[in-house]
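Below: the structure, in structure tokens.
The values are calculated or read from the model by the stated rules, or taken from the named source; none is laboratory data. Being a predicted model, the structure only gives us computed values, none of them experimental. Using ideal geometry, Cβ is built from the backbone for each residue, glycine included, and neighbour counts are taken over all protein chains shown. Just so you know, the surface numbers come from the protein's heavy atoms only, side chains and all, with ligands and any DNA or RNA stripped out. Shrake-Rupley method; radii C 1.70, N 1.55, O 1.52, S 1.80 Å.
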Amino acid sequence: MSKKKKDWKTEKDRLLRLDREERRKEYRRQDFIPLDKIPTWREDNQSNEKEEGKELTGGGGLTDKVSLYKGDITVLEVDAIVNAANSSLLGGGGVDGCIHKAAGSCLYDECHSLNGCETGKAKITCGYDLPARYVIHTVGPVARGHVGPTETNDLTSCYQNSLRLMKEHGLSTVAFPCISTGIYGFPNEPAAEIALNTVKSWIEENPDKNTRVIFCVFLETDFAIYKKKMAVMFQDNDMEVTEEQLKGDNTPPSVKSTTKEASEESNRGKEETGDEDEVDNDAVGNEDVEMASQNPECPEEITGNEELIEENNDEENANQDADEEMCVDEGSDKKEDKGVDNDKEKEKEKEKDKDEDKADEEQPAAPKTEDDNDTAKSTEEMEGNPEVNNTGTSNGEEMKDLVEGSEEPDSIPTDSIQSKDTVEKKE
Ligand SMILES: NC(=O)c1ccc[n+]([C@H]2O[C@H](COP(=O)([O-])OP(=O)(O)OC[C@H]3O[C@@H](n4cnc5c(N)ncnc54)[C@H](O)[C@@H]3O)[C@@H](O)[C@H]2O)c1
């Protein structure tokens, strides 16, 4: 016998009245992660410090208010998780698909009542069957590998508006995915800079709030990027960053006195996001990693978006070509640092620049969004059928393989898909 469809308003009212113990009985997944199992950035350092047998003093600052967590955002028992949604708010793929699947059909029904969301804005709903009490839906910019002022401002607004909603609803713990870095193609490094800088500024502007902001990364690439940047950007007065951390190797941050390099490194970080149209993605490969907490039920994925994925692939390859050239440039810069004779290098550089200029002339420029409408337009182009699901891979190639190899998932409950179809037809 099919389950009676719940009315989202009644369900929302009932769930928000329950205390935590009662709500826990209703979570769709019982392998949830309570907040006290998510170490703060400071505790991460403390555990490293204890391993080295050193005591830690001080505390109560920035590093007690942020965490870096690698895994599935749908299992985190926090006040709110942030969904990287699309402008329809009617579900889709990636983290959006996982959240809708884990929350149940009432989430779709409440989202449907919100009449969409503009890029950079955020709207809040109940979390329903999720361990999170609320879901904050925000729509990131469709960057497609290019980062200009519009994309930067829109992504910054996603974090600011999500934090604003958290505060307005009296919430204190929130988890963010890496917004826009998946299908929307925002380069991982500048996106992390924007996320960390925006959250840091917000925490400093709201010192009285006893907040915990969790950066929930899914890919190994993002974990390495966030760990390196947080080691520099989130320090308390008694925390230090070692030389190794600044070089970005994977040693966990440890507590040492702030060094001169730390401030140089953070300045370098600020320059990175200043350049317009910088195709920056020095991540070697956005390979997915098997993670214990990865949501096993998250839809493996349906197809229907081949052209989108194809397009992304082309974009991805174009970006990779650019990256390779950039890597070569970095190589020659390093030679310069070692005092190697650079005349030939300079000639090569000039030839390469000429080739690049020629390639740019031939290459059709990606649509630059003059204003939000353009972004929205390109968003719609990207979205195609919002029902398409995919796991959060930020690499078109992997997505394509995934999609080809995947079975029909039981993604968003069929009744909501039918109602979604009607919605689509009506619209
Ligand atoms: N991936 C697809 O093929 C596809 C298709 C249609 C829609 N979408 C979705 O993607 C669009 C938004 O693009 P986006 O780049 O902002 O989002 P995204 O494509 O979901 O990627 C955002 C980030 O979330 C990561 N991620 C994926 N699953 C999880 C999880 N369970 N827990 C934590 N992190 C996770 C993912 O690795 C990436 O780093 C929306 O339309 C949304 O519906 C994705």
* To do: Return yes or no: is N115 open to solvent by 10 Å² or more (accessible area, probe 1.4 Å), closer than 17 Å to H100 by Cα and either under 15 Å from the mean Cα position of the chain (by Cα) or not aromatic (F, W, Y) (or both)?
  => yes
Checked region 75-94 for anything in a loop (DSSP other than H, G, I, E, B) and within 19 Å of N210 (Cα to Cα); matches are V78, D79
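Would you mind finding the one in K54, K70 that is modelled with pLDDT under 95, surrounded by fewer than 24 Cβ atoms within 10 Å (Cβ to Cβ) and among the basic types (K, R)?
Working: K70 fails: modelled with pLDDT under 95.
Of K54, K70, the one residue that is modelled with pLDDT under 95, surrounded by fewer than 24 Cβ atoms within 10 Å (Cβ to Cβ) and among the basic types (K, R) is K54.
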Matching residues in region 28-41 (modelled with pLDDT of 90 or more, assigned to a loop (DSSP other than H, G, I, E, B) and of a type outside the set (S, T, N, Q)) number 4
Of the residues in region 147-167 that are surrounded by fewer than 24 Cβ atoms within 10 Å (Cβ to Cβ) and over 23 Å from T211 (Cβ atoms), the one that is nearest to the chain's Cα centre (by Cα) is T152
Across region 95-126, the tally of residues that are among the aliphatic types (A, V, I, L, M) and in a strand (DSSP E or B) stands at 2
All conditions in (1) open to solvent by less than 20 Å² (accessible area, probe 1.4 Å); (2) touching a helix residue (DSSP H, G or I) at 6+ places or on another chain (Cβ under 7 Å) are true of D96 except (2)
Note: among K65, K70, just one is out of contact with any Leu (no Cβ under 9 Å at 6 or more places or on another chain) and either among the small types (G, A, S) or more than 8 Å from the ligand (Cβ to nearest atom) (or both), namely K65
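Rundown of residues vs (1) surrounded by fewer than 23 Cβ atoms within 10 Å (Cβ to Cβ); (2) near the ligand (Cβ under 10 Å from one of its atoms), yes/no style:
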{"position": "F176", "(1), (2)": "no, yes"}
{"position": "T181", "(1), (2)": "no, yes"}
{"position": "P187", "(1), (2)": "no, no"}
{"position": "A191", "(1), (2)": "no, yes"}
{"position": "A195", "(1), (2)": "no, no"}
{"position": "W202", "(1), (2)": "yes, no"}
{"position": "E205", "(1), (2)": "yes, no"}
{"position": "K209", "(1), (2)": "yes, no"}
{"position": "V217", "(1), (2)": "no, yes"}
